[in-house]
Amino acid sequence: MKAVSYEGVRNMSISEHPQPKLKSPTDAVLRVTTSGICGSDLHMYEGRTPLEEGTVVGHEIMGVIEQVGEAVKSIKKGDRVVLPFNIACGYCYNCHRGYTNACLTMNPEEPHAAYGYAGMGPYEGGQAEFVLVPYADFNCLKLPGKPGDEWEDEFVLLSDVFPTGFHATEQACVAPGKTVAIFGAGPVGLLAAYSSMLKGASEVYVVDSVKERLAKARELGAIEVDMSDGDPVRQIFNLRKKNRGIQESLRPGEEKMRGVDCAIDAVGYQARDDKDYTKEKPTQVFENVLRVVNPTGCVSLIGV
Ligand SMILES: NC(=O)c1ccc[n+]([C@@H]2O[C@H](COP(=O)([O-])OP(=O)(O)OC[C@H]3O[C@@H](n4cnc5c(N)ncnc54)[C@H](O)[C@@H]3O)[C@@H](O)[C@H]2O)c1
Ligand SMILES: [Zn+2]
Ligand SMILES: [Zn+2]
């Protein structure tokens, strides 16, 4: 089969690889119809991780089941499914508590596993024609429709970026009426903004410097904050201060709550320095999240 593999810093190749075979009765083989490139793949592409050369990458995967092991009960050949990017067993202590991102049995080295990712266990990725799915009953989400239909591009977002963006809003306690600031308008930040809208947040600020991404945030109903216009935290304080609807309804002392109830880091350690966009400052967004959140607020650090 053909697959995309990492061949060194900024060097990916499409080449022939052996097609995966069932290794355990609980496995399935998936014929991939769509897979995404994640912001997290860029960490590996740029050589910031110890990824072994020759590894097939890709952890945002959907397709049609080609073959199942004899112990697989809920999924059969021909089913259309999307794979959550975390590989989980479903029976360990952490899986039982809902922390499938920290499965204790799928990776001999660390408490987490994923497809085609540095440090996440011995699993090949899904930017390939076929991929092996361990514990298929637990790791497949069954979908309606047929490959290539009008849902194909949207369903693939269920593998990583939409649940990741949504989960950020859970961690940040986003709820009806809450105010939210999201740093990063990549797919994860935008879907955190969209999730905040779905949950009925009253104000959603999205910070980035990429104009097209900010335009997308605006299209979703968020308030864009262009960090190239200066300190984004101050910009959010000022936007709130200039808003008559907010200022004329303040209760006693509430003017001290200049920031927001919920703050989300959807950038991670590759954050650009607010003072000089050409440089990186790994703690920049972390610092901004802590500055913008009001006392009693919640933060989520979903960026790697
Ligand atoms: N925790 C998880 O499960 C999980 C899952 C998927 C992605 N991620 C991580 O989430 C982060 C975002 O993913 P993505 O796919 O949206 O990435 P992306 O690279 O597409 O987007 C990151 C955005 O951050 C912007 N940015 C850089 N510095 C900034 C700053 N100081 N302030 C505001 N914005 C800034 C960039 O311009 C870019 O638009 C990455 O770190 C990724 O690895 C985590
Ligand atoms: Zn990802
Ligand atoms: Zn587990």
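Which number in (1) farther than 29 Å from PHE85 by Cα; (2) touching a strand residue (DSSP E or B) at 6+ places or on another chain (Cβ under 7 Å) marks the one condition that ALA192 misses?
It fails just one condition, (1).
Please find, among THR100, THR105, the residue that is within 20 Å of ALA28 (Cα to Cα), within 16 Å of ligand 3 (Cβ to nearest atom) and out of contact with any strand residue (DSSP E or B) (no Cβ under 7 Å at 6 or more places or on another chain).
Numbers: THR100 fails: out of contact with any strand residue (DSSP E or B) (no Cβ under 7 Å at 6 or more places or on another chain).
Testing whether each residue is within 20 Å of ALA28 (Cα to Cα), within 16 Å of ligand 3 (Cβ to nearest atom) and out of contact with any strand residue (DSSP E or B) (no Cβ under 7 Å at 6 or more places or on another chain) leaves just THR105.
Here is a check on your reading of the model: is ALA185 hydrophobic (A, V, I, L, M, F, W, C), at pLDDT 95 or above, under 20 Å from the mean Cα position of the chain (by Cα) and within 16 Å of ligand 2 (Cβ to nearest atom)? Before you say what the answer is, go through the steps one by one.
Numbers: hydrophobic (A, V, I, L, M, F, W, C): yes; at pLDDT 95 or above: yes; under 20 Å from the mean Cα position of the chain (by Cα): yes; within 16 Å of ligand 2 (Cβ to nearest atom): no.
So ALA185 fails the test.
Can you pull out every residue in segment 130-160 that is surrounded by 17 or more Cβ atoms within 10 Å (Cβ to Cβ) and over 17 Å from VAL32 (Cβ atoms)?
TYR135, PHE138
Could you please give the count of residues in segment 135-175 that are in a loop (DSSP other than H, G, I, E, B) and within 16 Å of ligand 3 (Cβ to nearest atom)? Give the steps one after another, and end with the answer.
Of all residues in segment 135-175, those in a loop (DSSP other than H, G, I, E, B) come to 135, 140, 143-151, 159-160, 172-175.
With the extra rule that they be within 16 Å of ligand 3 (Cβ to nearest atom), the set shrinks to 135, 140.
Qualifying residue count for the region: 2.
Kindly list the number of the only condition in (1) over 21 Å from GLY297 (Cβ atoms); (2) of a type in the set (A, V, I, L, M); (3) within 16 Å of ligand 2 (Cβ to nearest atom) that fails for VAL210.
(3)
Just give me the residues in segment 67-93 being in a loop (DSSP other than H, G, I, E, B), within 16 Å of ligand 1 (Cβ to nearest atom) and open to solvent by 10 Å² or more (accessible area, probe 1.4 Å), in sequence order.
Taking segment 67-93 and keeping what is in a loop (DSSP other than H, G, I, E, B), we get 69-79, 84-85, 87-92.
In the following step, the residues that additionally are within 16 Å of ligand 1 (Cβ to nearest atom) were identified as 84-85, 87-88.
Hits for segment 67-93 are PRO84, PHE85.
Is it true that some residue in segment 130-139 is of a type in the set (Asp, Glu) and over 24 Å from CYS89 (Cβ atoms)? Quick ask: steps written out before the conclusion?
In the first step, residues of segment 130-139 are kept if they are of a type in the set (Asp, Glu); the result is 137.
Within this subset, residues satisfying the condition of being over 24 Å from CYS89 (Cβ atoms) are none.
No - not one qualifying residue is present in segment 130-139.
Taking helices (runs of 4 or more DSSP H) that do not extend beyond segment 228-302, which have at least 1 residues that are open to solvent by 30 Å² or more (accessible area, probe 1.4 Å) and either within 16 Å of ligand 3 (Cβ to nearest atom) or among the hydrophobic types (A, V, I, L, M, F, W, C) (or both)?
By residue number, 232-241, 284-292.
What pairs come up if the first residue lies in segment 113-129 and is open to solvent by 30 Å² or more (accessible area, probe 1.4 Å), the second is among the β-branched types (Val, Ile, Thr) and part of a loop (DSSP other than H, G, I, E, B), and their beta carbons are under 8 Å apart, counting only those six or more places apart or on different chains?
TYR117/VAL57; GLY119/THR49; MET120/ILE87; TYR123/ILE87; GLU124/THR55
What are the pairs, 6+ residues apart or on separate chains, where a residue within segment 242-258 that is free of Cβ contacts under 8 Å to residues at least 60 places away in the same chain has its Cβ under 6 Å from a residue that is in a helix (DSSP H, G or I)?
ILE246/ARG240; ARG258/PHE237
Return the residues of segment 84-98 that are among the aromatic types (Phe, Trp, Tyr) and either in contact with a Phe, Trp or Tyr (Cβ under 8 Å, 6 or more places away or on another chain) or within 15 Å of ligand 2 (Cβ to nearest atom) (or both); say none if nothing qualifies. Write out each step before concluding.
Step one: of segment 84-98, the residues among the aromatic types (Phe, Trp, Tyr) are 85, 91, 93.
Once the filter is applied, which keeps residues that are among the aromatic types (Phe, Trp, Tyr) and either in contact with a Phe, Trp or Tyr (Cβ under 8 Å, 6 or more places away or on another chain) or within 15 Å of ligand 2 (Cβ to nearest atom) (or both), segment 84-98 yields only PHE85.
Hey, could you check segment 42-66 for residues that are open to solvent by 10 Å² or more (accessible area, probe 1.4 Å) and assigned to a helix (DSSP H, G or I) and say which is farthest from ligand 2 (Cβ to nearest atom)?
Taking the candidates together, the pick is TYR45.
Test TYR117 against the criterion of being under 22 Å from the mean Cα position of the chain (by Cα) and either aromatic (Phe, Trp, Tyr) or more than 27 Å from GLN171 (Cβ to Cβ) (or both), and give yes or no.
The answer is yes for TYR117.
The values are calculated or read from the model by the stated rules, or taken from the named source; none is laboratory data. The structure presented is a predicted model; accordingly, all values stated were derived computationally and were not measured. For neighbour counting, all protein chains shown are included, and Cβ atoms are generated from backbone atoms with ideal geometry for every residue, glycine included. The accessibility values were calculated without ligands, DNA or RNA, using every heavy atom of the protein model including side chains. Shrake-Rupley method; radii C 1.70, N 1.55, O 1.52, S 1.80 Å.
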